[in-house]
Amino acid sequence: MQDNSIQLNAIWNDFPSIQSDLAEVITVIQTDLQAKNDDVQAALIEMMTTGGKLLRPALTILIGQMAPNNHDDLIHLAASVEMLHSATLIHDDIIDSSSTRRHHASIQAQLGQDVAVYAGDYLLQQRSTFLPTILIIWKPLVKQLHF
């Protein structure tokens, strides 16, 4: 049976200070992956469980910690960043007609172009509503850095 859970990449083994935050990001992402269409859901699970390193969420968290912020907002923003990045990868594979992504068959190669478009759009829609929070999170940082 295939493991449908998102695993924390081994690169984070040497950085225990961020492991728990990234685990929270993974939980948020897994909670959000609830598409009603079975093919789209399969595409989402495939995309999110095939070896992403979570570099963007890690950088979001680390930079966000430079100023006082609400921890939950920061975790949700980091999840949004990862999901938006994944959406762009899915759409990029469609545009480039790529057959592989992260040493696996791309979503479009496995499930077709229509499902890939829907999966990418789902990821864009699912977290884009949270992006206005970026202003709340980054405003204290900008003030602290005197920009």
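FYI, it's all coordinate maths here, none of it is from the lab. As the structure is a prediction and not an experimental result, all values here were calculated from the model. Glycine also receives a Cβ, built like all others from the backbone with ideal geometry; neighbour counts cover every protein chain displayed.
Out of the residues in region 34-72 that are under 15 Å from the mean Cα position of the chain (by Cα) and in contact (Cβ under 8 Å) with a residue 60 or more places away in the chain, state the one that is surrounded by the fewest Cβ atoms within 10 Å (Cβ to Cβ).
Here the answer is E46.
Could you list, in sequence order, all residues of region 80-131 that are of a type in the set (F, W, Y) and within 22 Å of T27 (Cβ to Cβ)?
Answer for region 80-131, where residues must be of a type in the set (F, W, Y) and within 22 Å of T27 (Cβ to Cβ): Y122, F130.
For region 16-69, how many residues meet the condition of being basic (K, R) and assigned to a loop (DSSP other than H, G, I, E, B)?
2
Do you know which residues across region 74-116 are on the phi > 0 side of the Ramachandran plot and hydroxyl-bearing (S, T, Y)?
Matches in region 74-116: S97 only.
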